[in-house]
Amino acid sequence: MADSIERSRTIETIGLCRFSYVGLGGYKVGHDTLEERRAYLYQPERMEGRFRLFESVCLPSIIGQTDPDFTMLIVIGQCFPDLYLERLHKLVSPYSNIKIKALPPKRHRPVMSRAINSARSDFDAPSLQFRLDDDDAMGVDFVERAKQAATAMEPLWQHEPFSTIDFNRGYIYTADANGLKIQEDRYQYTAIALGAVIGAGNEQTIMQHGHHMLWRETPTLTFPDTDMWMRGHNGFNDSRSKGRGPEIDVHPVSDAEALHLRARFNIDNAQVKRVFAQPVPDAAP
């Protein structure tokens, strides 16, 4: 038993957060050229919204993890404007396990896989991996529970190159100066709070497969017992923008719901209001 607990604590764990990375593929919103994609991703209105969501929703869920023994990669493009890069460094520099990685504009999945593998210290040991976008949040015990699940799945990853850990309960949310609005949701194999256990000696990554196809391609273990993710819904949101995805019916959080979100995701509704009430700074180039 003690050996099992120790393995769950020490399995190397790597998270990936794509922050407006300019590359080829990876977005449902299509662009004909990299210049068009760069202009879309870096437009000041969009970037201001992404930073406010990252600061008040995504980052709190990362730094609030009950198990802090993981590496979090924030992947940006090499063309990320200096003004925004300075702002991002200021937000994450207090946290030694969060690393900013600037990459050239390549094909999305291969470049993200290379980023993850560059953070692996030992390919002869298994790797637990997860991903989220800059407006997503994961439950504060996601890393802890994913490690426990990975340990329980050892008979699988001893023989399988890739195994999946799925948490299927969460929320769709919006955020503005009035605070959070939410809708409870159940969604299997969402990209958020989804773990991949890569077996020893294997260079695959969680970016190897489309997250919605993992149930068809890998052994999986699903947990339906607790709220584990929050997915943003906004005008620039890729997967649900411009008519994509089902209609949502969010409602302002009650006091009890705000307390629940604070406990589950380390998200403070009062902070969300403060962040979104701030004046918009001068536009970046």
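Within the stretch 35-77, count every residue that is small (Gly, Ala, Ser) and more than 26 Å from Glu12 (Cα to Cα).
3
For the stretch 35-70, which positions are surrounded by fewer than 18 Cβ atoms within 10 Å (Cβ to Cβ), in contact (Cβ under 8 Å) with a residue 12 or more places away in the chain and either touching a Gly at 6+ places or on another chain (Cβ under 8 Å) or among the polar types (S, T, N, Q) (or both)?
Thr66
Could you list all residues from the stretch 63-114 that are among the basic types (Lys, Arg) and part of a helix (DSSP H, G or I)?
Once the filter is applied, which keeps residues that are among the basic types (Lys, Arg) and part of a helix (DSSP H, G or I), the stretch 63-114 yields Arg87, Lys90, Arg109, Arg114.
Collect the residues in the stretch 127-158 that are among the aliphatic types (A, V, I, L, M) and assigned to a strand (DSSP E or B), keeping them in residue-number order. Even if it seems obvious, please write down each step before you answer.
Of the residues in the stretch 127-158, the ones among the aliphatic types (A, V, I, L, M) are 128, 132, 137-138, 140, 143, 146, 149-150, 152-153, 156.
Answer for the stretch 127-158, where residues must be among the aliphatic types (A, V, I, L, M) and assigned to a strand (DSSP E or B): Leu128, Leu132, Ala137, Met138.
Which residues, counting only those in the stretch 115-124, are more than 17 Å from the chain's Cα centre (by Cα) and either loosely packed, with under 15 Cβ neighbours inside 10 Å or β-branched (Val, Ile, Thr) (or both)?
Across the stretch 115-124, the qualifying residues are Ser118, Ser121, Asp122, Phe123, Asp124.
When you scan the stretch 194-232, how many residues do you find that are surrounded by fewer than 18 Cβ atoms within 10 Å (Cβ to Cβ), among the aromatic types (Phe, Trp, Tyr) and either in a strand (DSSP E or B) or touching a His at 6+ places or on another chain (Cβ under 8 Å) (or both)?
1
Which of the residues that make up the stretch 246-269 are more than 17 Å from Met228 (Cβ to Cβ), in contact (Cβ under 8 Å) with a residue 24 or more places away in the chain and assigned to a helix (DSSP H, G or I)? Spell out the reasoning first.
Applying the first criterion (more than 17 Å from Met228 (Cβ to Cβ)) to the stretch 246-269 yields 246-256, 258-259, 268-269.
Now drop any that are not in contact (Cβ under 8 Å) with a residue 24 or more places away in the chain, which leaves 248-253, 258, 268-269.
If the condition is that a residue be more than 17 Å from Met228 (Cβ to Cβ), in contact (Cβ under 8 Å) with a residue 24 or more places away in the chain and assigned to a helix (DSSP H, G or I), then Ala258, Asn269 are the ones that fit.
Could you run through the stretch 112-158 and say how many residues are over 30 Å from Tyr173 (Cα atoms), of a type in the set (Gly, Ala, Ser) and either touching a residue at least 40 places away in the same chain (Cβ under 8 Å) or in contact with a helix residue (DSSP H, G or I) (Cβ under 7 Å, 6 or more places away or on another chain) (or both)?
Residues in the stretch 112-158 being over 30 Å from Tyr173 (Cα atoms), of a type in the set (Gly, Ala, Ser) and either touching a residue at least 40 places away in the same chain (Cβ under 8 Å) or in contact with a helix residue (DSSP H, G or I) (Cβ under 7 Å, 6 or more places away or on another chain) (or both): 5 in total.
Read through the list (1) out of contact with any Leu (no Cβ under 6 Å at 6 or more places or on another chain); (2) over 23 Å from Pro44 (Cα atoms); (3) of a type in the set (Val, Ile, Thr); (4) modelled with pLDDT of 90 or more, then give the number of the only condition that Val275 fails.
Result: Val275 passes all but (2).
Working only within the stretch 146-188, note down all residues that are among the charged types (D, E, K, R) and either surrounded by fewer than 21 Cβ atoms within 10 Å (Cβ to Cβ) or touching an Asp or Glu at 6+ places or on another chain (Cβ under 9 Å) (or both). Give the derivation first.
Let us first name the residues in the stretch 146-188 that are among the charged types (D, E, K, R), namely 147, 154, 160, 166, 169, 176, 181, 184-186.
Residues satisfying the conditions are Lys147, Glu154, Glu160, Arg169, Asp176, Lys181, Glu184, Asp185, Arg186.
If you go through the stretch 87-108 one residue at a time, do you hit one that is among the aromatic types (Phe, Trp, Tyr) and either surrounded by 14 or more Cβ atoms within 10 Å (Cβ to Cβ) or in contact (Cβ under 8 Å) with a residue 40 or more places away in the chain (or both)? It would help to see each step written out before you state the result.
Pass one, the stretch 87-108, residues among the aromatic types (Phe, Trp, Tyr): 95.
Going one step further and asking which of them are either surrounded by 14 or more Cβ atoms within 10 Å (Cβ to Cβ) or in contact (Cβ under 8 Å) with a residue 40 or more places away in the chain (or both), we end up with none.
No, there is no match, as no residue in the stretch 87-108 is among the aromatic types (Phe, Trp, Tyr) and either surrounded by 14 or more Cβ atoms within 10 Å (Cβ to Cβ) or in contact (Cβ under 8 Å) with a residue 40 or more places away in the chain (or both).
Do the conditions hold for Ala191, that is, is it surrounded by 23 or more Cβ atoms within 10 Å (Cβ to Cβ) and outside any strand (DSSP E or B)?
Criteria not met by Ala191.
The values are calculated or read from the model by the stated rules, or taken from the named source; none is laboratory data. Since the model is a prediction, treat every value here as computed from it, not as a measurement. Note that we place each Cβ from the backbone using ideal geometry, even for glycine, and neighbour counts take in every protein chain shown.
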